[in-house]
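Just below is one structure, and these are the notes that go with it.
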Amino acid sequence: MKKKLTFKNFSIYFDQYLFISITLLSVMGLFFLYSASQGDLNTVIKQSIFVGFGLILMFILSQPDPDFYKIFSSLFIILAILLIFATMIFGREINGAKRWLNFGFFTLQTSEIIKIALPIFLASYLYDKPLPISLKHTFITLALILFIFYLVYSQPDLGTGLVVFMAGIYILFLAGLSWKFIFTSFGLIVLSMPFLWNNFLEPFQRQRILTFIDPSNDPFGSSWNITQSKIAIGSGGMSGKGFQEGSQANLNFLPEAETDFIFAVIAEEFGFLGVCVLLSLFFFILLRCIYLAFNARDRFCRLTIGGLSLVFASTLFINLGMVVGIIPVVGMPMPFISKGGSSLLSFYIAFGIIISMATHKKLMQK
Amino acid sequence: MIDLNERYAEKKSFFNRLVVVYVFFGFVFSFFLYQTYSLQVSEYKDYETAAIANKTKEVLVQPVRGIIYDRSGKIIVNNVPTYDLIVKASLIKNIDAFLSDLSPIIELDSDELDYVRENFDLKALYNRELIVKKNLSREEIAKFEVRGYKFPNAFIDVRYSRYNNYPELFSHAVGYVGGVSNDELVSILNSQALPQIETIFKYSNGFQIGKTGLESTYDQILRGKFGKKIFEVDARGRFVEEREFIKPKNGENLFTTLDIEAQQVAYDQMDNRRGAVVAIEIDSGSIVSYVSTPSFSTNAISNGISSRAFNALIQDKDKPFFDRASQGRYSPASTIKPAIALFGIENNIIDWDFSMEDPGYFILPEDQRVYRGWRKGGHGNVNLNKAMIVSSNTFFFSLAYKSDINKLIEHLSNFGFGTKVCADCFNPDKALLPTPEWKMNNLNFGWFKGDTVNLGVGQGYLSATPLQLAYYSSVLANKGTSKELSFIHEKQDIKNLNIQLNNTDDLDWKRLHQSMIGVIESPIGTAKRLQELKTYTVAAKSGTVELVSTDTKEDYKIIRENEGNRDHAIIIAFGPMPNPKYAVSVVIENGESGGSVAGPVAIAVLNSLIGK
């Protein structure tokens, strides 16, 4: 495996396995999007520009030494938080949600930035803390996670908020959160569920969860999406209906076919076999991340790779679970496949940083 | 800084924890894969069906209703394609604004405007189309085509109108059609194994079903079967492409036994007087003429009528909607006498040689009550033949007096009284053949001998419809054998209804026919005025139904000042003799004389039938 190409004056940091599998996934994504958008070339061209830019960005972000990310992690998170505040003030409102900052040429979904900045910052904060993490540091970390979760959640963007929250918890867990604390707090959370239900969930979110538990509750409201998605997936069968042959997507029965529900389009047109091929690519990427994390040069790199790859994994599983109807609809794109700007780019950024963490080696001290 | 041991412990802990997370994700992933597998493989069939159901929509295609012919193959009722201006009522917010926008392009008369305004709300509620104007002219179509863009919810299309070529002749026999109610449509769709809830509001509009007459009796045959167009639609229900077209099965044509010419003659002869004419082909039991007057136009009723015009018909005191032929109850009066005569012969109460004095009245021995004949002073010495010809009440009072009431009732019911005599008439009435039980149950009185006496001259509680009288006439003509009446032969299991008479031979029947011929041909016959109206021999029996009982001609003159008190005129006839082919009955309400008022109508109808 080539990780470092050394030339005369400089080195290139690169992981061919991740690079090839991500590129393959992105290109497949373009084909899926072509079908999901009912052959709209404009959408596909726009998306391929993002993909191309994303791949370049990933490559560029692999080059700096992990110390660069470690040193500037506080700066990143402060910037990210400021962007969220800016969104609150200057953000563009779409469908009652203020999640986007308009830069003229590009509309940035600011929660996507914090999704990456938070794991890096936490890694840099926790990498030198003795095991197990002390109560003091645990609480500081948790306070930060909850604060950021609340910022994102109040946009409102529960989906990304959950991913940010989970990402923070992963890092804390991987960094060595004491088991005693885990079990105690888990018990407390279970006990406080009713309170959270009544005070933190918007009525439409409660409705989504209720509908999820009993779909007959609301035949044409929230569960319409799940029902149509299930029909699309189920009717794909073992081998699918064929490229661009999915009636659920082509006749607009499937909502959000280009974004959140693109998996249903893939399942309808390529069947269970296609789903297995696609998922094995994702699976390969995740396994590669474990390998890279285990071989990373220090604790900071390990935590960062672990945290970011788990952000990626949880985004994927929330999306998949939502589309097949095993978790409520929260609005979550499929990484590298769904149409999108910020959310798409965020994963190229994340993997750029993962590659940087994995490829830069340092001589052992002493 | 942490030392090397700690570094190793940290690495181990990290790795263990990463594995814990991945194992957790592994579970989630397995669950996800299981779910996908069950959707795509285990439950594939269900979801495939659901996906197909999602994208296909069925629209019903109407069959064209069958044509109704007369017995010589002339069309009575047809479907006439017309170009109609149609609106989607549910999409129009203000119908008055719509109509005023429309007025410069297509003019509507006041009846049409009324019709649109009256029906708009209901059609909008049920999402049905509303026909604003029927039968547009070429100019109107051209005008609308030019400016139609102003009316996105209106369009011109071909619709079939049910058109009766003789709208007033057959109003009761053939009946009319009308819009279908939701319940009716549901049951029709069920019977054709079609889905209803989804298609009920989407079927092509203007479907009509038979409401009365043959249109109703044979509706199932006439209506045909719906076809289907299967479309592919998108999520908003918009048309994508046509997938399949199952052609509708048009309704079968109906070949009736009705005779347009005889019908026309009967209708003209009735001249809008209240009454009915029914004529029958004796051998087959076919109804060839069936008229109830006054009448109304079925075309107006079938194809949209304003409520003003409809109310005028409903409130008409002559009740044009009332089907007198099968629902009007009239005392048979003297027309019952041939049946009573047969009873007397069958039961050996009298024979053709028996005679008695007719003083003009009959005194009931039990209570000395007097039953009067129609002629003061009576008819002198009468035998059965004379009693028939002059219609002697005394003779038949006396004969009935000697009769067993239960036997007599059974005998009369064999001639169709109090029974259903028609296989396919619309809602026929059985009228009333009174029995002692009936009287006790309904009037709380026992049967008096006087009731039996009254039965002998067809008065009292006994009543019959013109249809039953025509049947009775044909049974007499055919010497006791008959077929259940019907309008269509090949469609019915026609019952043979033979009367078992053991003591009555062919000679008796011939002598009975002879006496009925005498009713017209004899110089003393009650219908002798009919002699000159024909060129062949006809057997008949006239009757005059007393509505108000009077003792003298002077009294009658007083009560006849009120037209509604005048006697009904009634006649049964059959001919040509001696081998009769047609039997007929005529009732004219308040017509006063069976022989000279109802008689000419009967003869004219027979002329029209026999003249061929």
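Values in this text are rule-based calculations from the coordinates and carry no lab data. Here the structure is a predicted model, which is why all the values come from computation and not from measurement. Cβ atoms come from the backbone with ideal geometry, glycine included; neighbour counts cover every protein chain shown.
The table that follows gives values for the structure above.
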{"read-out": "Unit Cα scatterers, Debye sum, segment A:118-158: log10 I(q)/I(0) for q = 0.22, 0.26, 0.29 Å⁻¹", "value": "-0.73, -0.88, -0.98"}
{"read-out": "Among beta bridges that DSSP assigns inside segment B:58-255, antiparallel share in %, nearest 5", "value": "95"}
{"read-out": "Helix-derived mean residue ellipticity, 222 nm - over the protein assembly as shown, DSSP H n ≥ 4, -39500 (n - 2.57), to 500", "value": "-15500 deg cm²/dmol"}
{"read-out": "Calculated FRET value between B:Lys150 and B:Glu546, using beta carbons and R₀ = 56 Å, to 0.05", "value": "0.25"}
{"read-out": "All lysines inside 17 Å of B:Lys479 as judged from Cα atoms, apart from same-chain residues fewer than 8 positions distant", "value": "B:Lys337, B:Lys495, B:Lys510, B:Lys541, B:Lys581"}
{"read-out": "Burial ordering of A:Trp197, A:Trp100, B:Trp509, B:Trp438, fewest other beta-carbon atoms within 10 Å first", "value": "A:Trp197, B:Trp438, B:Trp509, A:Trp100"}
{"read-out": "Estimated vicinal HN-Hα couplings, Hz - segment B:542-554 in sequence order (Karplus 6.51, -1.76, 1.60; Gly, Pro = x)", "value": "8, x, 10, 8, 6, 8, 10, 7, 10, 8, 10, 4, 5"}
{"read-out": "Linear extension gain, B:Gln531 paired with B:Ala53, 0.36 nm per residue minus alpha-carbon span", "value": "164.5 nm"}
{"read-out": "Between 0 and 90°, nearest 10: helix B:337-346 axis offset from chain B longest Cα axis", "value": "70"}
{"read-out": "Over segment B:58-255, relative contact order from alpha-carbon pairs under 8 Å, at least 6 apart, %", "value": "34"}
{"read-out": "Karplus 3J(HN,Hα) series, Hz, for segment A:248-261 with 6.51 cos²θ - 1.76 cosθ + 1.60 (x for Gly, Pro)", "value": "4, 7, 5, 9, 6, 6, 7, x, 6, 5, 7, 10, 4, 9"}
{"read-out": "Alpha carbon Rg of the protein assembly as shown, scaled by the compact-globule rule 2.2 N^0.38 Å", "value": "1.59"}
{"read-out": "Derived scalar couplings ³J(HN,Hα) [segment B:56-67; Karplus, 6.51 cos²θ - 1.76 cosθ + 1.60; whole Hz; x for Gly, Pro]", "value": "10, 10, 10, 10, 6, 10, 6, x, 8, 5, x, 8"}
{"read-out": "Sites B:Val80 and B:Asp157, calculated FRET efficiency, Cβ-Cβ separation with R0 25 Å, nearest 0.05", "value": "0.95"}
{"read-out": "Candidate lysines for bridging to B:Lys150, where Cα separation is under 18 Å - those fewer than 8 sequence places away on the same chain excluded", "value": "B:Lys88, B:Lys93, B:Lys133"}
{"read-out": "B:Leu501 long-range amide H proximity, modeled H, under 5 Å", "value": "none"}
{"read-out": "Crossing angle, helix B:4-37 versus chain B [Cα axis fit, 0-90 degrees, rounded to tens]", "value": "20"}
{"read-out": "Per-pair calculated FRET efficiency, R0 = 51 Å: B:Phe245 and A:Glu202 via Cβ, rounded to 0.05", "value": "0.55"}
{"read-out": "Cα centroid of segment A:80-115 to Cα centroid of segment A:261-279, whole Å", "value": "32"}
{"read-out": "Cα-projected label distance for A:Leu30 with B:Asp318, points at 7 Å along beta-carbon direction, nm", "value": "8.8"}
{"read-out": "Convex hull of Cα atoms in segment B:260-610, direction-averaged projection (nm²)", "value": "18.5"}
{"read-out": "Virtual spin-label span in nm between B:Phe24 and B:Leu108, 7 Å along Cα→Cβ", "value": "7.0"}
{"read-out": "Within-13-Å neighbourhood charge of B:Ile524 [Cβ basis; K, R +1; D, E -1]", "value": "+2"}
{"read-out": "Mean Kyte hydropathy of -0.5 or more with a Cα span along the axis of at least 18 Å, helices from DSSP in chain A", "value": "A:16-36, A:41-62, A:66-90, A:111-126, A:135-153, A:158-175, A:179-200, A:223-236, A:262-294, A:299-324, A:342-359"}
{"read-out": "Cα-based equivalent ellipsoid of chain B: semi-axis lengths in Å, sorted from largest, via gyration tensor", "value": "71, 30, 22"}
{"read-out": "Farthest toward positive dipole pole in segment A:69-200 [+1 Lys/Arg, -1 Asp/Glu at C-beta], among A:Asn199, A:Ile145, A:Gln155", "value": "A:Ile145"}
{"read-out": "The protein assembly as shown: Cys lacking any partner C-beta under 4.7 angstrom", "value": "A:Cys276, A:Cys289, A:Cys301"}
{"read-out": "Distance in nm between pseudo-label sites at A:Asn252 and B:Glu437 (7 Å out along the Cβ direction from Cα)", "value": "7.1"}
{"read-out": "Inter-centroid distance (Cα atoms) of segment B:406-467 relative to segment B:68-107, Å", "value": "48"}
{"read-out": "Most positive-pole-ward Cα, B:Gly377, B:Gly418, A:Pro335, against dipole of the protein assembly as shown from beta carbon charges", "value": "A:Pro335"}
{"read-out": "For residues of B:50-57, the mean tally of beta carbons on other chains within 10 Å", "value": "5"}
{"read-out": "Whole-Å distance, taken between Cα centres, linking segment B:11-47 and segment B:491-524", "value": "96"}
{"read-out": "On Cα atoms only, tilt of B:138-147 relative to the major axis of chain B in degrees", "value": "20"}
{"read-out": "Rh (Kirkwood; distinct C-alpha pairs) - chain A, Å", "value": "21.5"}
{"read-out": "Those residues of segment B:308-322 whose amide nitrogen sits under 14 Å from the label point placed on B:Arg117, 7 Å along Cα→Cβ", "value": "B:308-309"}
